[in-house]
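Read through the structure below, which is laid out as structure tokens, and then see the notes.
Nothing in this text is a laboratory measurement; each read-out follows from the coordinates by a stated rule. Keep in mind the model is a prediction, meaning the values are calculated, not measured. Because the Cβ atoms are built from the backbone with ideal geometry, glycine has one as well, and the counts that use them run over all protein chains shown.
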Amino acid sequence: MGEIFSTYYQSSLGLLRISGTEHFISEVSFIDTIEKPPSDHIRKKMPQIIIQCVEQLIQYFHGERRVFEFPIHQSGTAFQEKVWNELIGIPFGKTISYLELSRRLGDVKAIRAAASANGKNNIAIVVPCHRVIGSNRDLVGYGGGIWRKKWLLDHEAKIAHGVQTLF
């Protein structure tokens, strides 16, 4: 897989850890405390893709980017990968329910499995698991916290539709 590099970005929603190799991004996650980097962390040159990811996240938070354009990779089961690919297809500023997600996967009875796979997504914002909501439009199930999910959805609605608040 190659050497894993990590850096941090202080977003509007708190600290994000961005990790990946020279070829792809494998993690964008909210963290509450910064780990102490290895002593050689400062001397390492960050791969261009990590820098590109941070730049695109900055653009996203400033309302200047709706689609991310860099390769991503996260390991999971075939079903998890299918779910994550479906998430990428949810347009900016739109939401779907967990039921609709399972319907798109071809099995409405797989709603819990789809929700579980959604929750195992390691590439927050870029793989937009925050765009999946409850069938009754409730904001449920977000590893980064419901307040972050609400912020992300309101941010996207405002940019996409000029709406001040969606929820």
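Couple of notes before you dig in:
- FRET efficiency, 1/(1 + (r/R0)^6) with R0 22 Å, evaluated for residue 103 and residue 69 via beta carbons: 0.20
- In order along the stretch 50-59, the Karplus-derived 3J(HN,Hα) couplings, from 6.51 cos²θ - 1.76 cosθ + 1.60 at θ = phi - 60°, round to 5, 4, 4, 4, 4, 4, 6, 5, 4, 4 Hz, and Gly and Pro are given as x.
- The alpha-carbon positions of the chain define a convex hull whose volume is 112 Å³ per residue.
- Shown here are the Rg and Dmax of the Cα trace of the stretch 89-154, at 10.9, 31 Å.
- Greater than 23 Å apart at Cα, pairs in 45/120; 109/158; 82/120: 45/120; 109/158
- Share, in percent, of DSSP beta bridges within the chain that are antiparallel, nearest 5: 75
- For residue 30, net neighbour charge (Lys/Arg +1, Asp/Glu -1) across residues whose Cβ lies under 13 Å away: +1
- Charge tally around residue 120: other residues with Cβ under 15 Å, Lys/Arg +1 each, Asp/Glu -1 each, net -1.
- Database remark: amide H of residue 97 closer than 5 angstrom to the amide H of 133 (H placed geometrically; neighbours at sequence offset of 5 or more, or on other chains; Pro and chain starts carry no H).
- Calculated from backbone phi, Karplus (6.51, -1.76, 1.60) coupling profile of the stretch 81-96 in Hz, x at Gly/Pro: 5, 5, 4, 4, 5, 5, 4, 4, x, 6, x, 3, x, 10, 10, 9
- Converting phi to 3J(HN,Hα) with the Karplus coefficients 6.51, -1.76 and 1.60 and the offset θ = phi - 60°, the stretch 135-144 yields 4, 8, 6, 6, 8, 10, x, 9, x, x Hz in sequence order, with x at every glycine or proline.
- Amide H contacts for residue 15 (H built 1.01 Å from N in the peptide plane; partners 5 or more residues away or on another chain; cut-off under 5 Å): 31.
- Ranking 153, 78, 111 by Cα position along the charge dipole of the chain, where only Lys, Arg, Asp and Glu carry charges on their C-beta atoms, puts 111 farthest toward the positive end.
- About the Cα centre, charge dipole magnitude for the chain (Lys/Arg +1, Asp/Glu -1 at Cβ), debye: 380
- Net +/- balance of residues flanking residue 70 in space, Cβ distance below 14 Å, scoring K and R +1, D and E -1: -3
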